1. How large is ³J(HN,Hα) for each residue in region 58-70, as worked out from phi by the Karplus curve 6.51 cos²θ - 1.76 cosθ + 1.60 (θ = phi - 60°), to whole Hz, x for Gly and Pro?
2. Determine the dipole magnitude for region 1-91: charges of +1 sit on the beta-carbon of Lys and Arg, -1 on that of Asp and Glu, nothing else is charged, the reference point is the Cα centre, and the result goes in debye to the nearest 20.
3. Of 108, 75, 32, which is farthest on the positive side of the dipole of the chain, counting Cα position, with +1 on Lys and Arg Cβ, -1 on Asp and Glu Cβ, and the Cα centre as origin?
4. Can you compute the helix-only [θ] at 222 nm over the chain? Use -39500 (n - 2.57) per DSSP H run of at least 4 residues, normalise by all residues, nearest 500 deg cm²/dmol.
5. Which whole-number value in Å² is the accessible area per residue of the chain, probe 1.4 Å?
6. Leaving ligands and nucleic acids out of the surface, order 8, 21 by accessible area at 1.4 Å, largest first.
7. Students sometimes get this wrong: rank 9, 15 by accessible area, probe 1.4 Å, all chains present, largest first.
8. Select from region 34-114 those trypsin sites (Lys or Arg not before Pro) which occupy a DSSP coil region and have at most 16 other Cβ atoms within 10 Å, ordered by residue number.
Amino acid sequence: MRARSAPSVDRRAAVAGLALSILVAVLGLFLGFPAIGAWIGALGGGYVGGRMAGRDGLFHGAIVGALEVVALAIVTTAASTAVANVVADTVATIVSDALLLALAALGGWLATRS
């Protein structure tokens, strides 16, 4: 059995998807729906990343999702104060990040399915 190499990343598609996901997340924040904005941003950003790449949509969507998780982690860490329940906050962060990754990958997959 021949080993398959990882697909190459289309950086332009990943950055465009990330830009859209952040824009939608910020818009959701201003409208008072930060979680929903982040979820829709992840789905839309993953879709744009997969569509622009034109190949390996699931992979490019997941890349966009991972970049969004990092970006949102930087923003929320910079803006956070002391947390009352560290365990609950950690679990909520892990679940939220997994959901963002799954939604972005789904968006990318939807963009390139036949």
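The values are calculated or read from the model by the stated rules, or taken from the named source; none is laboratory data. Keep in mind that what you see is a predicted model, and the values were worked out from it rather than measured. A quick note on method: Cβ atoms are made from the backbone with ideal geometry, for glycine too, and the neighbour counts reach across all protein chains shown. Areas reflect the complete protein model, heavy atoms only, side chains present, ligands, DNA and RNA absent. Shrake-Rupley method; radii C 1.70, N 1.55, O 1.52, S 1.80 Å.
1. So the Karplus estimates, Gly and Pro as x, are 4, 5, 5, x, 5, 4, 4, x, 5, 5, 5, 4, 5 Hz.
2. Once rounded to the nearest 20, the dipole reads 440 debye.
3. Selected residue: 108.
4. Calculated at 222 nm, the ellipticity per residue is -28000 deg cm²/dmol.
5. Details: 7320 Å² over 114 residues.
Averaged over the residues of the chain, the accessible area is 64 Å².
6. 8, 21
7. Solvent-accessible surface, decreasing: 15, 9.
8. 55, 113
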